[in-house]
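Here's the structure, in structure tokens; my notes come after.
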Amino acid sequence: MSRGPCELSNVRGRILKDIARLHEKYGEVVRVGPDAVIFNNPDAWADMYAHKPGKGVFPKDPLRHTRELWIHGAPDVFTAEDTDHPRLRRLINPAFSSKALREQEPLIQGNVNLLITRLQEQMGSDASAVVDMNEWINWTTFDLIGDLAFGETFDCLKTGGYHPWVALICSSIKTVSILGSIKQWPWIEAVWQFLIGGIMIRAMRQFHKLVIEKVDRRLSRTKGRNDFLQSILDHKDTEKSMTQDELYSNAALLVMAGTETSATTLAGTIYHLARNQQVLLPLQAELRATFKSEDEMTFKTVSDIPNLLAALHESMRMYPSVAVTNPRRVPKGGASVIGKWLPENTTVGTYQWVAYNSSTNFRDPGTFDPSRWQGNPYYANDRREIFKPFSVGPKSCLLWKFDITLADEKNVWTDQKVHWSWMRVPLMIKLKERNRSLQK
């Protein structure tokens, strides 16, 4: 058996649909290469990713966890080896705590308010407009993460376009994914590096240079700003603090990973709600009855709206921000996953979109129904424990401020290619500003 078909599917961006067909045909455990096995079972998560006493840790697959983002050889928390990962995670965790999010809320709200203002500027005389929400959300998340990571935005919302650095990041995602496939064959990688490697190296050096400049500029400013870097800097003088280069590498990771995952979740949620008005309209009515003004919407108050959280869960199930697998290697001596013994160095993983949209795990997986997360007995046999999304702080200003519908109801927006992340296409949404009298 060759890895060729699987890697070719990955290069083409159709890996999810092909993996889904394999699971449908062969079951929960499928061999996709001579040394690669994928799983569609909730118990596989713990076997592959959890640290169990007395059992070897499954290390990250070095061919997939690229180190191109490392600056001056310093690791980031996503690709760090087990010796560095716990320390880096402990240092970064405070930046994402409930306390930190509350302190960062004014920065977040400021960027959300600017998005609302810019969308209002697109309105015609009838207080409506058709806009590409995928772009607007992209601009917002890049500005927001830039603000939180570097203390300055990329001004995407102000200019209504991509900063050159942002465009560089967006274009690199597909390249990094394809490179993961190419690395399976060293001779192909050598040809790739000969033909294109120089271009990639120059682009990455430019990216590193910009990160260093922005981090240094942020560090030169007065302390006390409630952002990601400040949370990390508060622990800088401890024995196991981050080095300066680790600070650079992890700031680069925050921009790359934080923007893409956040934008995917927001765009996916808007699409599914716009497509399912029977879910959207009651939710909007509840939000508008609960909040009399945008100022009342905070992380705390919004988290008290169960229907909104259920809608987010359902959207992340049908369109997860990380759709592919986070591959691991079976440790030395071999190990078992859900009772299946595997030799050492076997690559293992679970494709999240495939697992979340499989009838093996969820009843009527193609139906957007948030009630499955609220105790609806119709979905009592759903294997919800397989669902492992990242946490997200919900913001509902868009739903409160505008009525939203799809500009083209026949278009299935989620039918996209995927290269590590979704290759999102324009999401044309018709916005209509709600009756202004209701806002007074």
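Please treat every number below as a calculation from the coordinates, not as lab data. Nothing here was measured: the structure is a model prediction, and the numbers come from that model. Ideal geometry is used to build each Cβ from the backbone, glycine not excepted, and the neighbour counts take in all protein chains shown.
Observations
- From the alpha carbon centroid of segment 339-359 to that of segment 254-268 is 24 Å.
- Membrane-span-like helices of the chain, defined as complete DSSP H segments with a Cα extent of 15 Å or more along the helix axis and a mean Kyte hydropathy of at least -0.5, are identified as 15-26, 98-121, 133-150, 164-182, 198-219, 244-275, 277-290, 306-318.
- A Förster radius of 45 Å, combined with the Cβ-Cβ distance separating Thr159 from Gln416, puts the computed FRET efficiency at roughly 0.95.
- Annotation for Asp82 and Ala285: the two label points, set 7 Å from Cα along the Cα-Cβ direction, are 5.5 nm apart.
- Positive-end ranking of Pro389, Asn40, Ser125 along the dipole of segment 4-439, with charges on Cβ about the Cα centre, is headed by Asn40.
- The share of alpha-carbon pairs in segment 348-388 lying farther apart than 14 Å comes to 42%.
- Here the relative contact order of segment 4-439, from alpha carbon pairs under 8 Å that lie six or more residues apart, stands at 27 percent.
- The chain: proportion of alpha-carbon pairs further apart than 32 angstrom, %: 41 percent
- Rel. contact order, % - alpha carbon contacts under 8 angstrom, at least six apart, segment 260-320: 56 percent
- For the chain, the residue among Ile169, Leu22, Asn376 whose Cα projects farthest onto the positive side of the dipole built from Cβ charges is Leu22.
- Ranking Leu101, Thr79, Leu114 by Cα position along the charge dipole of segment 1-126, where only Lys, Arg, Asp and Glu carry charges on their C-beta atoms, puts Thr79 farthest toward the positive end.
- Computed over neighbours whose Cβ is under 14 Å from that of Ser9, the net charge equals +4, Lys and Arg +1, Asp and Glu -1.
- Computed about its Cα centre, the charge dipole of the chain is approximately 420 debye, with only Lys, Arg, Asp and Glu carrying charge at their Cβ.
- Helical mean residue ellipticity (222 nm; -39500 (n - 2.57) per DSSP H run of 4+; nearest 500) of the chain: -15000 deg cm²/dmol
- For Ile71, nonlocal amide neighbours, meaning residues 5 or more places apart or on other chains whose placed amide H falls under 5 Å from its own, are Ser249.
- Bridgeable aspartates and glutamates around Lys17 (alpha carbons under 16 Å apart, same-chain partners fewer than 8 residues away excluded): Glu7, Glu28, Asp415.
- Across segment 404-414, coupling constants 3J(HN,Hα) worked out from phi with the 6.51/-1.76/1.60 Karplus curve, θ = phi - 60°, read 10, 9, 6, 5, 10, 6, 7, 7, 8, 5, 6 Hz, and Gly and Pro carry x.
- Linear extension gain, Ser125 paired with Ser2, 0.36 nm per residue minus alpha-carbon span: 38.3 nm
- Among the listed pairs Lys388/Lys410; Lys25/Lys55; Lys158/Lys432; Lys183/Lys209, those whose Cα-Cα separation exceeds 23 Å are Lys388/Lys410; Lys25/Lys55; Lys183/Lys209.
- By other beta-carbon atoms within 10 Å, ranking Thr346, Thr290 with the fewest at the front produces Thr290, Thr346.
- FRET efficiency, Lys430 to Arg89 (Cβ-Cβ, R0 41 Å, nearest 0.05): 0.45
- Restriction of the trypsin sites (Lys or Arg not before Pro) in segment 253-298 to DSSP coil positions whose beta-carbon has at most 12 other beta-carbons within 10 angstrom yields Lys292.
- With R₀ fixed at 51 Å, the C-beta to C-beta distance from Gln206 to Asn381 puts the FRET efficiency at about 0.50.
- Antiparallel DSSP beta bridges within the chain, percent to nearest 5: 90 percent
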